[in-house]
1. Among the residues of region 79-97, are any farther than 24 Å from Ala150 by Cβ, within 16 Å of the ligand (Cβ to nearest atom) and at pLDDT 95 or above?
2. Only residues that are buried (at least 20 other Cβ atoms within 10 Å of the Cβ) and of a type in the set (A, V, I, L, M, F, W, C): list them for region 288-323, please.
3. Got a number for residues in region 110-156 being more than 21 Å from Val249 (Cα to Cα), of a type outside the set (A, V, I, L, M, F, W, C) and touching a residue at least 60 places away in the same chain (Cβ under 8 Å)?
4. Give Leu52, Leu107, Leu83 a once-over and let me know the one that is among the aliphatic types (A, V, I, L, M), surrounded by 24 or more Cβ atoms within 10 Å (Cβ to Cβ) and outside any helix (DSSP H, G or I).
5. Look at Met410 and say whether it is under 24 Å from Gly327 (Cβ atoms) and at pLDDT below 80.
6. Only residues that are crowded, with 22+ Cβ neighbours inside 10 Å and part of a helix (DSSP H, G or I): list them for region 26-40, please.
7. Looking at Gln68, Gln149, can you tell me which residue is modelled with pLDDT of 85 or more, part of a helix (DSSP H, G or I), under 28 Å from Lys440 (Cβ atoms) and polar (S, T, N, Q)?
8. Exactly one of these conditions fails for Asp157: (1) at pLDDT 90 or above; (2) away from the ligand (no atom under 16 Å from the Cβ); (3) of a type in the set (D, E, K, R). Give me its number.
Amino acid sequence: MTFRILLLVVLSLAGGCAREIGRPNVILISMDTTRADHLGVYGYERETTPNLSRLAGEGVVFEQAYTQAPWTVASHMSVFTSLYPPVHKVAHLTPQSATVKLLPELLHDAGYSTAGFVAPVLDGYGFAKGFDHYAHPHRYRSAEIMIHQALEWLAGDPNKPALRGQPFFIFLHLFDPHHTYDPPWPFDTAFLSSYRENILELSASHPFTQEKDLSPDELFEVVGLYDGEIAYTDWALGRFFDELKELGVYDNTLIALMGDHGEGFLEHGLMNHGNSVYEELGRIPLILRFPDGRFRGRRVKSPVRLIDLTPTILDYLREGQPVFSQGLSLLAGIERDEPGTDPVFTYVGYSESIRDGSWKLIRNPPYRTKMIPRSAKTNYELFDLANDPEEKYNLAAENPEEVERLARAMERMDEANQEIGDRINAELDVQPMELTEEQKERLRALGYIQ
Ligand SMILES: [Zn+2]
C-alpha cells in the first residue's frame with residue numbers, strides 16, 4: 001500500500017515536470033495526378049501503396065474526397081485558399097492569391113516555421129507566400145530528391161527551431177505520378193505483364209485530351225507504368241516517415257496526404273487530366289493522420305472537398321480561420337461520419353459538376369473549344385453514383401426534375417461565387433496578375449493552355 005502511494009506520487013511528479021509537448025507540426029503531402037482508386041487503401045487490387053495503407057491505419061481515410069479542379073495549379077490554389085476556382089481565379093490567370101491569405105501564411109502568422117518543396121508548375125501564382133523557405137524550382141525532381149531536401153531543411157541544422165520545439169509546416173508536392181510515366185527501377189516493370197520498349201515512348205507521346213488509338217494491351221501497360229509511379233512515390237514516403245520517426249517528430253505531426261486530381265485512362269474517351277470532371281479525375285485520395293491517434297482507423301464515407309482541408313487543419317490546431325473561406329472544418333463531423341453535408345462542386349471551365357448525395361450532375365456550357373467539341377447549347381449529364389460509380393449511364397433524359405434541381409443549385413453557386421469574389425475585390429486591393437512567359441510555357445507543355 002505504502003509503495004503504491006509512493007509510486008503514484010513519483011508518477012505525478014514526473015508528469016508535472018515533463019516538458020510540455022509542443023504544438024503539433026503539419027506536413028501536407030500532395031501526390032500529383034493520383035486517383036483514389038489506384039491505391040490499395042481505396043480498394044485497388046494492386047497493393048501500390050503499402051506505406052500509405054499503414055498511414056491510413058493510423059488516421060482517417062476519406063473515401064469520397066473530391067478535388068475542386070482537375071488540374072494542378074487551380075486545385076492547389078483551392079486547397080491553399082479554401083476557395084472554389086471561379087473565386088480564386090487562377091484558371092482565369094488573374095489569381096486572388098496575391099491578396100487573400102494562403103494556408104502557409106496563416107500558419108506562419110501563428111508562429112510556424114514553414115517550408116515548401118514544389119514542382120515547377122506551381123512556381124508563381126503567389127504559392128510562395130508565407131514560406132520561410134521556398135526553393136524556386138526550375139526542373140521536375142523525383143520524390144526522393146524532394147524528400148531529401150525537406151529532411152535537410154528540417155534536420156540539416158541541429159539548432160533548427162523546428163527541432164527545438166518551434167512547430168513547423170512542410171508542404172511537399174510530389175510530381176512523379178504526373179505524365180510522363182517513367183518510374184525508376186524496380187517500379188518500371190513492377191506492374192507490366194511484359195516489358196516493351198515502346199511503352200515508355202507511347203506513354204510519353206500520347207496527346208493531352210484526345211482519344212488515342214491504344215489497344216487494350218497497350219493501355220494495360222501504360223496504366224502499369226502509372227501504377228509504378230504511385231508505388232515509387234509510396235516507397236519514398238515510407239522512407240520519409242521512417243526518417244521523421246528517427247528525428248523524433250513523427251508522433252507530434254499532423255500528416256495530411258492528398259491527390260490534387262486523378263487521371264483518365266479512356267474511361268470516357270480521354271487520357272490525362274484537365275479535360276473533364278468525371279470520377280477518374282475528380283475523386284482523389286485524402287488521408288489525415290492526427291498526432292494523438294485521434295480518429296485512428298476511421299473511414300468517412302460521405303463526400304468531402306479539398307477546400308475543406310485548410311479549415312480542418314486550422315480547426316485542429318485551434319488557429320484562426322481564413323477571412324474568406326468556402327470550405328468547412330471536417331473535424332466535428334468525422335466522429336459522426338457525416339462531414340461534408342454541403343454539395344461538392346468541381347470546375348474545369350468547359351465542364352462543371354455538382355455532387356449532392358449520390359447524384360452527380362455535369363453541366364457542359366454551350367461553347368466549343370479546340371480541345372473538347374461541344375453542342376451549341378448547354379447539355380447536362382446526370383449520374384447515380386451509388387449504382388453507377390463509373391458514370392456509364394446518363395440518366396438526364398429520364399430524370400428532368402433532378403436535372404432541374406441540381407442545375408438550379410449550380411446557378412445559385414455561380415451567384416454565391418460571384419458574390420464572394422466581389423466581396424474580396426471590394427475589401428482587398430486586387431491587382432490582376434500577368435503570367436510570365438516561363439509560366440505560360442510550363443502550362444503549355446502540360447497542355448493546360450493552348
Ligand atoms: Zn496535378
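The values are calculated or read from the model by the stated rules, or taken from the named source; none is laboratory data. Just so we're clear, the structure is a prediction, and the values are computed from it rather than from any experiment. FYI the Cβ positions are ideal-geometry reconstructions off the backbone, even for glycines, and counts take in every protein chain you see.
1. no
2. Leu288, Val300, Val304, Leu306, Ile307, Leu309, Ile313, Leu314 - these are the residues of region 288-323 that are buried (at least 20 other Cβ atoms within 10 Å of the Cβ) and of a type in the set (A, V, I, L, M, F, W, C).
3. 6
4. Details: Leu52 fails: outside any helix (DSSP H, G or I); Leu107 fails: outside any helix (DSSP H, G or I).
Being among the aliphatic types (A, V, I, L, M), surrounded by 24 or more Cβ atoms within 10 Å (Cβ to Cβ) and outside any helix (DSSP H, G or I) holds for just one of Leu52, Leu107, Leu83, which is Leu83.
5. Answer is no for this residue.
6. Ala36, His38
7. Details: Gln68 fails: part of a helix (DSSP H, G or I).
Residue meeting the stated conditions: Gln149.
8. (1)
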